[in-house]
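Data block below; observations after.
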């Protein structure tokens with residue numbers, strides 16, 4: 001199964017919670033853009049340059065409505081997002097346990113406790129964090145599209161200069177992806193070894209205590 005197929009199947013496990021989280025987080029991502037536009041309109045109203053139909057007080061009321069809506073969206077996200085997160089986390093760990101129990105040859109399962117702990121803790125966390133990127137991606141894309149469109153109407157030259165650093169960052173990250181993956185793999189191996197060492201150390205201490213041979217150590 002490819003990474004894309006795995007991602008799609010996991011996202012379909014709790015689609016309602018996932019879509020609700022995208023919706024509420026999307027509102028939170030777009031709210032700063034709306035607040036900025038309203039603030040610009042407010043200062044335009046103070047100088048008498050506001051668009052027809054908008055006064056300073058109406059813009060204040062609109063700003064309050066946007067902020068209240070954003071807070072409500074955050075409460076909705078706080079309800080949906082943890083439930084989606086723990087549902088996926090539980091599913092992955094359940095599948096790991098099921099796969100281990102279905103292995104007929106116990107020798108195929110690693111006896112290193114650090115590796116097993118790493119699979120159940122860090123591997124599961126890494127997968128969920130990868131899926132979590134899809135939640136903010138849509139809201140950030142909408143925010144970026146609206147911001148670039150609005151800024152280009154004000155000053156296309158400044159807009160072009162502003163987005164150049166973001167494009168450069170994307171290019172650099174894309175080139176550095178292989179190096180990041182290499183160091184990430186090395187970090188995972190080091191974590192497995194460290195966890196296994198600590199576990200063996202405590203097991204040895206426990207064995208000494210059980211045999212009541214502390215005086216000989």
Would region 87-107 turn up any residue that is closer than 30 Å to residue 150 by Cβ and either at pLDDT 90 or above or not assigned by TED's automatic domain parsing to the domain that holds residue 124 (or both)?
no
What single numbered condition from (1) part of a helix (DSSP H, G or I); (2) at pLDDT below 85; (3) over 30 Å from residue 165 (Cβ atoms) fails to hold for residue 126?
(3)
Being within 24 Å of residue 151 (Cβ to Cβ) and crowded, with 17+ Cβ neighbours inside 10 Å, is that true of even one residue in region 75-84?
no
Select from region 183-198 the residues that are within 20 Å of the chain's Cα centre (by Cα), in contact (Cβ under 8 Å) with a residue 40 or more places away in the chain and loosely packed, with under 14 Cβ neighbours inside 10 Å and list them in ascending order.
none
More than 28 Å from residue 23 (Cβ to Cβ), exposed (fewer than 13 other Cβ atoms within 10 Å of the Cβ) and touching a helix residue (DSSP H, G or I) at 6+ places or on another chain (Cβ under 9 Å): does that describe residue 55?
yes
Looking only at region 27-41, decide whether some residue is assigned by TED's automatic domain parsing to the domain that holds residue 140, modelled with pLDDT under 90, farther than 30 Å from residue 154 by Cβ and part of a helix (DSSP H, G or I).
no
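The values are calculated or read from the model by the stated rules, or taken from the named source; none is laboratory data. These figures come from a predicted structure and were not determined experimentally. Ideal geometry is used to build each Cβ from the backbone, glycine not excepted, and the neighbour counts take in all protein chains shown.
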